[in-house]
Structure formats: C-alpha cells, structure tokens
Amino acid sequence: MKQFTRYFVGASLLLSLGASAGTANAQKRLRTSEMNLEEFNYKLGNIYYTPSFKAAFGYDSNSNNSTSSDKDNGYYSEAALGLDFFYEPFRGLRLDTDFYIGYREAFGNNGTSGLILGSDNGDATFGFDYDISEKTTFSIENRATVGMEKIADARTNENSDSRQFWDNDLGTQIHRDITDDTGIAFKLGYRTRRDLKDNSPTEEYDESYFGITLDHSVNAKLSLNPFFNYEDREWTENDFNNDVETLEYGIQAEYLISDQVNLNLTVAYKELDFDDTAILASRSDSKEDGFVGSFSVTHTATEKFSHTVSGSFDTAPTTVAIANASDEMQLGYSANYTVNEKLSVSAGFDMFRGEDQGNTRIDETYYIYTPSVGAAYKITPRQTLDFKCSYQHKDSDQADGVGNANEYERTTVDFNYTYTF
C-alpha cells in the first residue's frame, strides 16, 4: 500500500522551496516499473490507482507576513481529495497523475481562504508518454500548485492582502536514447503565475523556455548530465518589473557515495539580460551574470534514522522596484527518526539569504530562519495523523515605508489527517 507520510499540501508553511538553482529544464521522465505498480492500492485492467482523503486544522499567527502590529492571524481548516494514477492502455503509451485538490477555509483575521492544489511531492502532476520508437519517447507534462508558499516569495509577500498564486508549468519533450548509457532530451515549455484573488497583478508573469540535456550514466554509482537552458519571462504589468531573458550552461551530477550516502550536485553559469534598469536603481544593472548551483547530501544512517543537508545559491529576478535581481542563498537540514512501526518524528531548519543587486541606499539584505518539528502517527494501515509546528523569523538591514523595521515573526501549527482508500 502506498503511504502518505508527508505534510498536508496546503497546511505546511514552507513545503516548497521552489526550483533549485541551475535545474535542467529538460529531464528524462522516469518510467513506472513493476515494483512501483505494487504500491498502488487498486487495479482495474491496466489502470492502477490510489485515492485518498485529507483533512487539516491549524493556526497561523501572521498569515500576511506583517512587519508591523497589523498581523492577520487565526485558525483554518482544510479538506482535499487525492489521486495517484497510472494507465497503460497499450504498450508504448502511458498516462500518470499525482495530485490533491481541495479548499482551505480561514477564520478570524486569517485571510488565506481558497483553493489548494498540489501533491506529496510538491506539484500536482499530469504526464503523458508515447514511445515513437524503441529509442525515442515523446512526453507531455503539466505541473501546478495553488496555495503553496515558497520561501523565496516570503519577502515579496510582506504586508500583503490575501493572495493565492496559481503556478503552472506545461512542457513537451522528446527524449532519444543514444546508447544504453546515454540519452538526450529536448524540451519546450510555458510557465505562468497568476493571483487567483487578483491582489498582486505585479507578481504575475508568463515565461516560455527551452532546454537540452545530455544524460549519461558513467557507472552504477555516477551519472553526469550537462544541460543548456533558455528562458524568456514577461511580467503581465511592468510598473516595477523588467522582462528578462536567461541563459544557463551547467552540469548536474548524482553520485552514490555508499549504500547509505547519496550526493546530488548542480553547477551552472547564468546570464540574465533585463529590458531596462530597475526603476529606483542608481546604476545600470540591466545585465547580471555569475555561477549558480545547488546540492543535497542524504545519509540513511540506520533503518530508523535518515537526514539530509541541502543548499543552493542563485541570482533571481525580483518583484521590487529597487533592483532587477537578487542574489539568493538557501541552506537546510532535515532529519527523520522512526520510533516504531506506528510513530516517526522529524525536525528541520532552513536559512534563506537575499541581497538586492541595485546598488542603492535602500537595497535590502535579509535573512529568513525557519526551524520546524513534526511527528506522524499511523493510526491504522490506511490512516495517518501528522503534526507540524513551524516558526519563521526575518532579519533585515532596511526599514519599511513608514519606518518600521522590515522584519517579522510567524508561527504555524498544523494537525493533518489522511485516509488512503
């Protein structure tokens, strides 16, 4: 039976950190194997599926990331239906989905009511694969989230009205096996961000992209994937934001150091070409470039204990008028311990640093710290109860528009119930 032990998609404060710096746009889609099919709860002919129901109740002390005393706070409840699905109508054609969709109802001053969409892995996904030949596969994949907060957006969301972003990524890809160990992928795609409550039109954008990736297995332990990315982002409103074209040249590596330790590493050179200088910047900064990357090291210490160290550094477009780009760095640690067959506990800590690249006296350098603890209890083989408590604190070297320290604190407490049919 497929287990659902991650936190409820709409309740976790910082479930998603967004795409890692230097991620290849084109990536070979993994095929579902016979072993994977055994994880589904139901089979109907060539259809495999696992439905689920999730419910949550929680409290948020500062849902609008307020830097003043005007904090939106209150309780909320959520309910969602989920489906993990795989269908192979005939050899060479495969369809798969993995998603939750539901609704959050907030009470008191908490203004986060609205649709939620996602999955245990972060994105709600729909995939279609067709084998043109034994070596060539055509794929369509759509990834979407609604109501999931990303730590990279935390500064932009300060003192906000209620907002609800729909992030969508639709792409088509051709993958060709060159040899048994090497393949090449070409991908075209289109990303969009929309605020369903229309309170933040300056943060909405459309982005077309292209990618080429060569995936190569050196041996059973090491794979190397050089890649090239091109992206063209256009903001729907240009009052504060400049359209930007991005080029990336990089390499991804995955190395199985031992049976217990796995390393993922990405390094890339990135160029950003903005249409114009930032409105309030004191120098011409229409171009930014430099190295970006990410890493993660996962250690399965024992059958009961595993932990991960991760990090990334990036230069990313901003939605503030003082700078086109921000240098961003993230470091994180997470650990999970299985107490017994029913109970597991977890803990984590994330640090995010942003530095505006506008070279003005009001450029902001800020840090966001997020410690968290959690527990998951398996009531029955089909029922799981999760608990999580997160605390978020922002430090800044700047004041907001009315002279307050541009800093805030936020605490969330979540209780989540999952029933897997």
- Message: Criterion first (touching a residue at least 12 places away in the same chain (Cβ under 8 Å) and surrounded by 15 or more Cβ atoms within 10 Å (Cβ to Cβ)) does Thr315 satisfy it?
- Response: yes
- Item | Checklist (1) under 23 Å from the mean Cα position of the chain (by Cα); (2) surrounded by 14 or more Cβ atoms within 10 Å (Cβ to Cβ); (3) under 20 Å from Tyr417 (Cβ atoms) applied to Leu81, failing item | (2)
- Item | the range 139-168, residues that are within 12 Å of the chain's Cα centre (by Cα), charged (D, E, K, R) and more than 22 Å from Pro371 (Cα to Cα) | Arg143, Asp167
- Task: Please find, within the range 104-158, the residue that is surrounded by the most Cβ atoms within 10 Å (Cβ to Cβ) out of those that are basic (Lys, Arg) and in a loop (DSSP other than H, G, I, E, B).
- Result: Arg155
- Task: Quickly run through the range 98-112 and pick out the residues that are more than 27 Å from Asp84 (Cβ to Cβ) and of a type outside the set (A, V, I, L, M, F, W, C).
- Result: Gly108, Asn109, Asn110, Gly111
- Item | Hits in the range 57-78 (condition: among the polar types (S, T, N, Q), crowded, with 22+ Cβ neighbours inside 10 Å and within 23 Å of the chain's Cα centre (by Cα)) | Ser63, Asn64, Asn65
- Listed by first then second residue, the pairs whose first member lies in the range 178-193 and is on the phi < 0 side of the Ramachandran plot, whose partner is in a loop (DSSP other than H, G, I, E, B) and among the hydrophobic types (A, V, I, L, M, F, W, C), with beta carbons under 8 Å and at least 6 positions apart or on separate chains, are Asp181/Val218; Ile184/Ile178; Ala185/Ala26; Phe186/Ala26; Lys187/Ala26
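With respect to Lys28, determine if the residue is within 26 Å of the chain's Cα centre (by Cα), touching a residue at least 12 places away in the same chain (Cβ under 8 Å) and part of a loop (DSSP other than H, G, I, E, B).
Taking the combined requirement at face value, the residue satisfies it.
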- Note on the structure: Checking Asp350, Asp363 in turn, the sole residue that is within 23 Å of Ala56 (Cβ to Cβ) and acidic (Asp, Glu) turns out to be Asp350
- Hey, among the residues in the range 159-178 that are among the polar types (S, T, N, Q) and modelled with pLDDT under 95, which one's surrounded by the most Cβ atoms within 10 Å (Cβ to Cβ)? Gln164
- Query: What number of residues within the range 372-393 are without any contact (Cβ under 8 Å) to a residue 40 or more places away in the chain and polar (S, T, N, Q)?
  - Reply: 2
- Considering the range 194-208, residues that are surrounded by fewer than 18 Cβ atoms within 10 Å (Cβ to Cβ) and in contact (Cβ under 8 Å) with a residue 12 or more places away in the chain, and then whichever is nearest to Leu117 (Cα to Cα), we arrive at Leu196
- Residue that is surrounded by fewer than 20 Cβ atoms within 10 Å (Cβ to Cβ) and basic (Lys, Arg), where the choices are Lys54, Lys43: Lys43
- Message: Taking the condition of being of a type outside the set (Gly, Ala, Ser) and part of a loop (DSSP other than H, G, I, E, B), how many residues in the range 159-177 meet it?
- Response: 4
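The values are calculated or read from the model by the stated rules, or taken from the named source; none is laboratory data. This is a predicted model, so every value here is computed, not measured. So basically every Cβ, Gly included, is an ideal-geometry build from the backbone, and we count neighbours across all protein chains shown.
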